[in-house]
Amino acid sequence: GVLQILTGLRYPDRMSQRDNMSEKKIATPSVTRNLMQTHTIRAKKSLGQNFIIEPQVIDNIVTAAGCDKQDLVLEIGPGLGSLTQALSNTAGQVIALEIDQSLIPALKQSLAACANVQLLHADAMTADLSRILAEAYQASPNLRPDFMAVANLPYYITTPLLLRFLQQPDLPWRRLVFMVQKELAERMQAAPGSKDYGALSLAVQYRAQARLAFSVPPSVFLPRPKVASAVIVLERLAAPSVQPVDEDLFFAVIRAGFNQRRKTLPNSLSSVLQLPKEQVNAALAAAGVAPERRAETLTMAEFARLADEIKNISG
């Protein structure tokens, strides 16, 4: 009888343990450490790996994303699957791109019960995102045609990856929800005249409305990063916030202006764009921008007018 009670208790317990792996929140110190030990995983500094070990942070990211069962979510760098797991509960379909082959077995284990997650071993910087998305939509035509990207991003790829989304107009995203370095989040939503305002602020705000959702201390990560993080939400605008005649020139003028922040606009623009200073001065006058102003004081509309006048004058 005793043996029967014991086996009766123990056997279902072992079964439920396996079933519960999927229900257990991965974003806890114990489950994360357990996964890392089982699969002999060490966080790679070279890939900027910091795993979230606080379920509340995961819940807050998912809330900020605001996705539902009609949504396709692209996740970049799922790590051990803590955010993926939470997204799979709310989204219709999740495509998770992981560059680190050594994490794939752990992810397969931790996400075994998430039937709506497609795990791909791929580099988000070079993967053919258009093709990956097209295939997902072909398989699930009832999903909304504009996807979301949600990620706890490795800091070293944040800016290039963000620019990939912003500069590839054919990628039909409607919202980007990224955990990034706090300083970077502040730059994305900075206004003219502030110390954080720069070329990145303009690149982001040209196509999206940026909102810092919440800050995250280093203590919620394993291992702990040396800097504070924040979750930034970028809502895509229906059309770019200004309509320059030549978009490439518009961004070249912005980069030139911020390239040498110490210099006044006539100096920085003429040296970077290799234009005679009198042409730059004429363009500034035509755009109604005083020559002694510095780039960080110009609004997006002023940069657009200036770029249009430079195109006019230099032909």
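Just so you know, all these numbers are worked out from the coordinates, no wet-lab data involved. Here the structure is a predicted model, which is why all the values come from computation and not from measurement. We place every Cβ from the backbone using ideal geometry, glycine too, and count neighbours over all the protein chains shown.
Starting from the Kirkwood Rh over alpha-carbon pairs, what translational D in µm² s⁻¹ does region 114-165 have by Stokes-Einstein at 10 °C and 1.306 mPa s?
On the way: Rh = 12.7 Å.
In µm²/s, the coefficient rounds to 125.
So for the pair Met125, Ser271, with labels modelled 7 Å out along Cα→Cβ, what separation do we get in nm?
2.9
Expected output is a single nm value to one decimal: the length gained when fully extending between Asp248 and Gln56, i.e. 0.36 nm times separation in residues minus the C-alpha distance. What is it?
On the way: separation 192, 0.36 × 192 = 69.12 nm, distance 4.18 nm.
Length gained, Asp248 through Gln56: 64.9 nm.
Would you compute, for the Cα atoms of region 131-197, the largest minus smallest coordinate along each principal axis and list the three values in descending order, in whole Å?
Reported extents, whole Å, longest axis first: 46, 24, 17.
If you line up the Cα atoms of region 81-214 on their principal axes, what length do they span on each, largest first, in Å?
Dimensions of region 81-214 along the principal axes of its Cα atoms: 50, 30, 27 Å.
What pairs in Lys24/Lys44; Lys45/Lys263; Lys182/Lys311; Lys44/Lys263; Lys44/Lys195 have C-alpha atoms more than 29 Å from each other? The partial results should precede the final answer.
On the way: Lys24/Lys44 25 Å; Lys45/Lys263 37 Å; Lys182/Lys311 36 Å; Lys44/Lys263 40 Å; Lys44/Lys195 33 Å.
Over 29 Å Cα-Cα: Lys45/Lys263; Lys182/Lys311; Lys44/Lys263; Lys44/Lys195.
Any aspartates and glutamates with Cα under 17 Å of the Lys108 Cα? List them, leaving off those in the same chain fewer than 8 positions away.
Asp19, Glu23, Glu75, Glu98, Asp100
Tell me the Kirkwood hydrodynamic radius of region 261-305 in angstroms, computed as one over the mean inverse distance between distinct C-alpha pairs.
Working: mean 1/r = 0.0955 Å⁻¹.
Across region 261-305, the inverse of the average 1/r is 10.5 Å.
Given region 222-315, report the % of alpha carbon pairs whose separation exceeds 18 Å.
Values: 2084 of 4371 pairs.
It works out to 48 percent of all Cα pairs.
For the chain, set up a Gaussian network in which alpha carbons nearer than 10 Å are linked by springs, and say which option among Glu235, Glu186, Glu302 fluctuates the most.
The residue with the greatest mean-square fluctuation here is Glu302.
State the volume of the convex hull built on the alpha-carbon positions of the chain, expressed per residue in Å³ and rounded to an integer. Before the final figure, lay out each step's value.
Working: hull volume 45.4 nm³, N = 315.
Spread over its residues, the Cα hull of the chain gives 144 Å³ apiece.
Give me Rg/Rg_expected for region 150-255, where Rg uses Cα atoms only and Rg_expected = 2.2 N^0.38 Å with N residues. Numbers along the way, then the final one.
Details: Rg = 14.2 Å, N = 106, 2.2 N^0.38 = 12.9 Å.
Expressed relative to 2.2 N^0.38 Å, the Cα Rg reads 1.10.
At q = 0.22 Å⁻¹, what log₁₀ I(q)/I(0) does a Debye calculation on the Cα points of region 201-275 give, no solvent, two decimals?
Debye curve over Cα of region 201-275, log10 I(q)/I(0) at q = 0.22 Å⁻¹: -0.94.
Given the options Leu153, Leu35, Leu202, state which has the largest fluctuation in a GNM of the chain using a 10 Å cut-off (strictly under) for Cα springs.
The residue with the greatest mean-square fluctuation here is Leu35.
Quantify how much of the Cα-Cα distance distribution of region 62-130 extends past 19 Å, in percent.
Values: 638 of 2346 pairs.
Value for region 62-130: 27 percent of Cα pairs lie more than 19 Å apart.
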